[in-house]
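The structure appears right after this line, and notes come after that.
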Amino acid sequence: MQGTRLCDLSGMVALVTGAGGGSKGGMGPVIARSLAQAGARVAVNDRTADWAEATVRELRDAGLEAEAFPADVADVRQADQLVERVIERFGQLDILVNKAEYHASGQRADEVSDEEWERSLAVNVHAPFYLSRAAVRHMRPRKFGRIINVSNISAIRTSLLHGVPYVATKEALYGLTRHLAIEVAQHGITVNAILPGFILTPRLVEGWPEERRNAVAATVPALRAGTPEEVAALVVFLASREAGYITGAAIPIDGAVSVVPGGGGGRRENAFV
Amino acid sequence: MGQQEERWLEGMVALVTGAGRGEDGGGGAGISRYLARQGAKVAVNDLTEEFTEATVDQIRSRGGEAWGIVGDVSDPADANRMVDAVVRHFGRIDILVNNAAIGGLIPAVERLPDEVWHRQVAVDLSGPFYMSRAALRYMIPQGFGRIVNIASLAAVRTGFVSGSTYTTAKTGLLGLTRQMAFEVAQFGITVNALMPTGIRNPRILRMRPEWLQAEGSLGPLDPEEEIGKLVAFLSRRDVTFISGAALPLDRGLGSALGNFEAYKQRSGKDAG
């Protein structure tokens, strides 16, 4: 019966930030869905109640257990309260997925504004810190935890669309991942970063003409974009009990685009990260 | 009689952050001294005039040219003001060395206060961004520049004494370096990061003498003869081919398999 299949998350509670929008959203709602399908109860966070509820409605329609927890995780008080409320509602927290992110608009380094820099830091670095701190305080006495930080392939390469604030903060998130990992590994808590490359989300399908999507896919050795479900599957695996010895890692999920040499001028109109 | 070798950085203007305290200083002061020896005019930045003047006096007493500029790199207005002032004083800016950083014994994430986190990320990561942005505004139109970011081996591992804030910021500094290098390569500007392990710092060694585990070829890095020399080399006009790089300065030891036990013992860290 239960417990014999790989990656069974029954009995676990997950919090996924930036998971709103349901089938109109990005990777976040798909991650929430996959965690729920694997058996976890899922706390769905996004900045507004409407956006978070959109995902929760779809999950409940599918018979899955989920609840909305709107909050701006870049605000330390809201981040602390978010974790508190999730634990209050569900009695525990096992899995934290830091998915919420801010994409700076891609100005050249000398033209990036203070606000773009600070907002990128606040959402991509400070928020995961606040949430991880709160989560670890709860997880440590229980001797179990899974923290998955959604970074990006530009953390180890470059970004044609989002510039210096994105690359610096996404790589900084990997630094936090490594350091927190060594602090809590002995307590059964793993902390990992995943680095998605070109992933076709519903938002992208709507926003990008087919020629652009095809042009980008051609830059990837796999000759295709990845799907949000593939990214979610990696999250489910890392969240599972079986993945207890993987920690402090940065795992690209990118069809090998990060191992192909770069250069060749890169064209912004064909960029994806 | 041998030929007089041309100094590497003759006529160039450098700004080094966190470079104060002169003889009692650390990496920044050492780097400043070496750049001056190679012919650069060096603007020495630190948080107080007492600090900057110590290094400025030291350089001048050895026949070099230096000038102090006080400011906080983590404040974007200060960063802009400082770079503008250096250009006004020396006529241009060629080299920026983002060295200013704060480390220190930092508690585990679980016990880490907000203010400590924010302050360290601001100085160690935002500082280099704000300073580089300000310098690029001169380097791009002039079609030449050298930015050297002093990161740490923590950028690809974990901080030794310093905690998660340091590891986070120094790792982010590599991303800043790489993306910036990519964006400004076309303008004759290189951007590189150095990842030193322990740097000889007299003041810190007085506080924690037990950290000095060895001398000589296994000892801490010499800020002037070792780190300074590499910064000066990367800043040469003819060294255009290294950019976006992250260079470990660890005497070949940093990539050895980790030892958590030794790490905790030696660093005295609150690591769990």
Taking region A:144-156, which residues are hydrophobic (A, V, I, L, M, F, W, C) and either more than 9 Å from every other protein chain (Cβ to nearest Cβ) or part of a helix (DSSP H, G or I) (or both)? A:Phe144, A:Ile147, A:Ile148, A:Val150, A:Ile153, A:Ala155
Tell me whether region A:255-268 contains one or more residues that are at pLDDT 95 or above, in contact with a strand residue (DSSP E or B) (Cβ under 6 Å, 6 or more places away or on another chain) and among the aliphatic types (A, V, I, L, M). no
Just the residues that are more than 10 Å from chain A (Cβ to nearest Cβ), surrounded by fewer than 18 Cβ atoms within 10 Å (Cβ to Cβ) and in a helix (DSSP H, G or I), please, taken from region B:101-130. B:Glu115, B:Val116, B:Arg119
Filter region B:232-263 down to residues that are of a type in the set (D, E, K, R) and either in contact (Cβ under 8 Å) with a residue 12 or more places away in the chain or part of a helix (DSSP H, G or I) (or both) and give me whichever is nearest to the other protein chains (Cβ to nearest Cβ). B:Glu261
Subset of region A:164-184 [more than 7 Å from chain B (Cβ to nearest Cβ) and more than 17 Å from B:Pro107 (Cβ to Cβ)]: A:Pro165, A:Tyr166, A:Leu173, A:Thr177
Going by what's in this entry, would A:Ala127 be described as under 23 Å from A:Gly197 (Cβ atoms), at pLDDT 95 or above and within 14 Å of the chain's Cα centre (by Cα)? yes
Given (1) buried (at least 18 other Cβ atoms within 10 Å of the Cβ); (2) over 25 Å from B:Glu224 (Cβ atoms), B:Phe90 misses just (2)
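Each row is one residue, and each column tells you yes or no for (1) touching a strand residue (DSSP E or B) at 6+ places or on another chain (Cβ under 9 Å); (2) in contact (Cβ under 8 Å) with a residue 40 or more places away in the chain; (3) more than 26 Å from B:Gly163 (Cβ to Cβ).
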site	(1), (2), (3)
B:Val42	yes, no, yes
B:Gly63	no, no, yes
B:Ala77	no, no, yes
B:Ala100	yes, yes, no
Which pairs have Cβ atoms under 6 Å, sit 6 or more apart or on different chains, and link a residue in region B:185-202 that is assigned to a helix (DSSP H, G or I) to one that is of a type outside the set (Ser, Thr, Tyr)? B:Phe187/B:Ile140; B:Phe187/B:Gly143; B:Pro202/B:Asp24
Checking B:Ala134 against (1) outside any helix (DSSP H, G or I); (2) facing another protein chain (nearest Cβ under 9 Å); (3) not hydroxyl-bearing (Ser, Thr, Tyr), the condition it does not meet: (1)
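Quick grid of which residues meet (1) of a type in the set (A, V, I, L, M, F, W, C); (2) surrounded by fewer than 22 Cβ atoms within 10 Å (Cβ to Cβ); (3) more than 22 Å from A:Val205 (Cα to Cα):
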residue	(1), (2), (3)
A:Ser23	no, yes, no
A:Ser34	no, no, no
A:Gln37	no, yes, yes
A:Val44	yes, no, yes
A:Ala52	yes, no, no
A:Thr55	no, no, no
A:Glu58	no, yes, no
Taking helices (runs of 4 or more DSSP H) that fall entirely within region A:35-143, which contain at least 3 residues that are within 14 Å of chain B (Cβ to nearest Cβ) and in contact (Cβ under 8 Å) with a residue 40 or more places away in the chain? A:76-90, A:114-121, A:127-142
For region B:15-33, what are the residues that are out of contact with any Ser or Thr (no Cβ under 9 Å at 6 or more places or on another chain) and either surrounded by fewer than 24 Cβ atoms within 10 Å (Cβ to Cβ) or assigned to a loop (DSSP other than H, G, I, E, B) (or both)? B:Thr17, B:Gly18, B:Asp24, B:Gly26
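Residue by residue, here is whether (1) modelled with pLDDT under 95; (2) within 12 Å of another protein chain (Cβ to nearest Cβ); (3) over 17 Å from the mean Cα position of the chain (by Cα) holds:
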{"position": "B:Val148", "(1), (2), (3)": "no, no, no"}
{"position": "B:Ser152", "(1), (2), (3)": "yes, yes, no"}
{"position": "B:Thr168", "(1), (2), (3)": "no, yes, no"}
{"position": "B:Gly172", "(1), (2), (3)": "no, yes, no"}
{"position": "B:Glu183", "(1), (2), (3)": "no, yes, yes"}
{"position": "B:Val191", "(1), (2), (3)": "no, yes, no"}
{"position": "B:Leu194", "(1), (2), (3)": "no, no, no"}
{"position": "B:Thr197", "(1), (2), (3)": "yes, no, no"}
{"position": "B:Met207", "(1), (2), (3)": "yes, no, yes"}
Can you say whether B:Gly159 is at pLDDT below 95, surrounded by 24 or more Cβ atoms within 10 Å (Cβ to Cβ) and either more than 11 Å from chain A (Cβ to nearest Cβ) or in a loop (DSSP other than H, G, I, E, B) (or both), as far as the supplied structure shows? yes
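The values are calculated or read from the model by the stated rules, or taken from the named source; none is laboratory data. Source: prediction; values computed, not measured. Cβ sites come from the backbone with ideal geometry, for glycine too, and all protein chains shown count toward neighbours.
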